[in-house]
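A quick write-up on the structure given underneath.
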Amino acid sequence: GYDKLIVKNGYTSGFAHGIYFFGFPGVLDNCVVDNMTINGTYQEGISGISVYNLTITNSNLNKNKMGLNVVGSNTTVSNNVISDCTGVFVTDGNGINSIYDGRGTGIVFGGTANDSIIVNNTITNCLAGAYTSISSVTDILIANNTFDSNDYGMYLLWGGVDSSWTIEGGEITSNSISGIHCLGCRNLLIRNLNISGSPIAIYEGSAYNGGI
């Protein structure tokens with residue numbers, strides 16, 4: 001494998017991916033993204049394959065189709081601002097005059113994002129602040145974050161089915177559909193949250209009608 005790749009104190013804009021870690025067929029381990037500004041990507045601001053012990057901190061991700069895709073075990077996402085997730089990226093025939101249409105997702109938990117920690121982040125104006133549709137994602141801690149002015153603060157499809165998830169502390173405010181949207185969730189501990197300004201604070205329903 002490959003160890004300790006550090007990306008810090010930089011800026012990128014307008015690429016398909018802002019930062020894309022690709023460990024396959026090996027493994028990237030102990031990588032760090034620190035104090036990066038990533039704007040206007042038409043896929044993910046930060047993503048990767050076969051990445052473990054990844055830390056993403058003190059960064060600003062704005063107007064990306066998706067803020068970040070958490071796909072490796074033991075990922076820590078802390079003290080970031082993710083805003084204005086744009087959903088669909090469209091250009092004119094010459095590839096200029098970019099238009100952002102629709103809204104994407106702030107943080108997506110991929111199939112191997114086990115034992116990950118999401119703390120002290122601010123996520124605003126996205127379709128969902130955080131999203132998962134994979135039941136095998138295990139042992140997630142989401143703490144002391146702000147999810148504000150999204151459609152869904154968090155949209156959890158199958159969250160906590162195979163292990164425990166904890167959501168605690170922080171602010172979930174002014175999300176237009178629901179604060180926390182749970183479909184088919186189990187073993188999900190929610191405590192000490194301020195949820196306000198949404199038509200539904202916490203919604204729980206069947207997973208068979210889920211997906212966004």
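The values are calculated or read from the model by the stated rules, or taken from the named source; none is laboratory data. Remember, it's a predicted structure, so these values are computed and weren't measured experimentally. Reconstructed Cβ throughout: ideal geometry from the backbone, glycine too, with neighbour counts over all protein chains shown. Only protein heavy atoms, including side chains, enter the accessible area calculation; ligands, DNA and RNA are left aside. Shrake-Rupley method; radii C 1.70, N 1.55, O 1.52, S 1.80 Å.
Conditions (1) under 17 Å from Gln43 (Cβ atoms); (2) at pLDDT 95 or above; (3) open to solvent by less than 30 Å² (accessible area, probe 1.4 Å), marked per residue:
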residue: Ile96; (1), (2), (3): no, no, no
residue: Ser116; (1), (2), (3): no, no, yes
residue: Ser135; (1), (2), (3): no, no, no
residue: Leu157; (1), (2), (3): no, no, yes
residue: Cys182; (1), (2), (3): no, no, yes
residue: Ser196; (1), (2), (3): no, yes, no
>> Just to verify a result, which residue in the stretch 63-72, among those that are modelled with pLDDT of 85 or more and crowded, with 24+ Cβ neighbours inside 10 Å, is nearest to Ile140 (Cα to Cα)?
In response: Leu68
> Looking at the stretch 40-55, which of the residues that are touching a Ser or Thr at 6+ places or on another chain (Cβ under 9 Å) and open to solvent by 60 Å² or more (accessible area, probe 1.4 Å) is nearest to Asn145 (Cα to Cα)?
Replying inline: Tyr52
>> Given the criterion open to solvent by 30 Å² or more (accessible area, probe 1.4 Å) and within 17 Å of the chain's Cα centre (by Cα), identify the matching residue among Asn58, Asn30.
In response: Asn58
>> Considering only residues that are closer than 17 Å to Val70 by Cα and assigned to a strand (DSSP E or B), which ones fall in the stretch 7-36?
In response: Val7, Ile19, Tyr20, Phe21, Phe22, Leu28, Asp29, Val32, Val33, Asp34, Met36
> Does at least one position in the stretch 125-133 carry a residue that is among the β-branched types (Val, Ile, Thr), open to solvent by less than 10 Å² (accessible area, probe 1.4 Å) and modelled with pLDDT under 80?
Replying inline: no
> If only one of Thr37, Thr75 is of a type in the set (Ser, Thr, Tyr), touching a strand residue (DSSP E or B) at 6+ places or on another chain (Cβ under 7 Å) and buried (at least 16 other Cβ atoms within 10 Å of the Cβ), which one is it?
Replying inline: Thr37
> So which residues in the stretch 37-87 are aromatic (Phe, Trp, Tyr) and assigned to a strand (DSSP E or B), if there are any at all?
Replying inline: Tyr52
